Structure formats: structure tokens, C-alpha cells
Amino acid sequence: MSEETKFECPNCHSDNIQSFEVAYRNGVTTSSSTTTGLGVGSGGGLGLGTAKTTGTSVSQIAQEVAPPAKKGIVKKFLLIGIILMFLLSAILGSVSNTLGSIGALLGWVLSGAFVYKTAYLWNRDVYPQLLDQWHHSYICFRCGQHFTI
Ligand SMILES: [Zn+2]
């Protein structure tokens, strides 16, 4: 008996509950299977062959209780930066070449500001809260309810 079972589901009062952390760890399993085949060759001889397959499988439960992920900063910055750079340099570049160069630079500055606000600050302020909440989250295996303790 694990220590989780002293709590119960607030919805159906079942004690068949598990923390997200444990459920996730149990759900992501490395499976290994060996297939053995026996065959009779055309010359009448017997042949034995084995095939081994290994892989990591993520169960549906594991996907449901997966920990929160941090937002990617570099990829987002580059993607938005490139789009804004082309867009602004094209728009302002139709006025003058100098403005076009400023527009390209402005694209990167805006991208940086946007990513700082939406990803960097999110990772710094929101992500720890979500992770903390995740550590206190439980799933009920009877009714599927998610709840925090
Ligand atoms: Zn329940």
C-alpha cells in the first residue's frame, strides 16, 4: 500500500487514487518484447529466428497527467523575429531604405519584447506555480476526476 491511498477522491470517495507524479512515472514504460519464429526451410531444415523490439510507450493516463512544460524561448523568438523582420522591413522599406533597415531591427526588438512577456515571464512566474500544483495533483482511477490535495 502506498501512502497515497490514505486520501480519497472528493467526487466518488474512492481511495483508488494516485498522484500525477506516480501515475505519470508508471504510465511511461519501456516495453520490451521478443518474438520467436520457427520456420521450415525449402531444403527441409529448421530455422529459428528471433526479433526483439524495444520502445518507450506513453499510456493515455500518462498523457493526461503529464507535468507542465516550459515554453521554448529561442525557437519562438527566432520564428516571430523573422516574420516581423520581413514584414516591417517590407512595409517601411517601401518608404525608404533606411526605414526598411530600421523596420528589420524593430522586428527583432518587438519579437524580443513579445517573447519576454509571453514566454520568459511565464516560465519564471507561472510555470513554478503549475509545477507546484502538479506535485499536489491526484487522479481518481474510478471516476477519472482530477483534484489537488
Ligand atoms: Zn473518483
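Values in this text are rule-based calculations from the coordinates and carry no lab data. This is a predicted model, so every value here is computed, not measured. Methodologically, a virtual Cβ is constructed for each residue, glycine included, from the backbone with ideal geometry; neighbour enumeration extends over all protein chains shown.
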Number of the exception - Trp122 against (1) more than 16 Å from the ligand (Cβ to nearest atom); (2) touching a helix residue (DSSP H, G or I) at 6+ places or on another chain (Cβ under 8 Å); (3) touching a residue at least 24 places away in the same chain (Cβ under 8 Å): (2)
Of residues in the stretch 131-147 being surrounded by fewer than 15 Cβ atoms within 10 Å (Cβ to Cβ) and away from the ligand (no atom under 14 Å from the Cβ), the one nearest to the chain's Cα centre (by Cα): Leu131
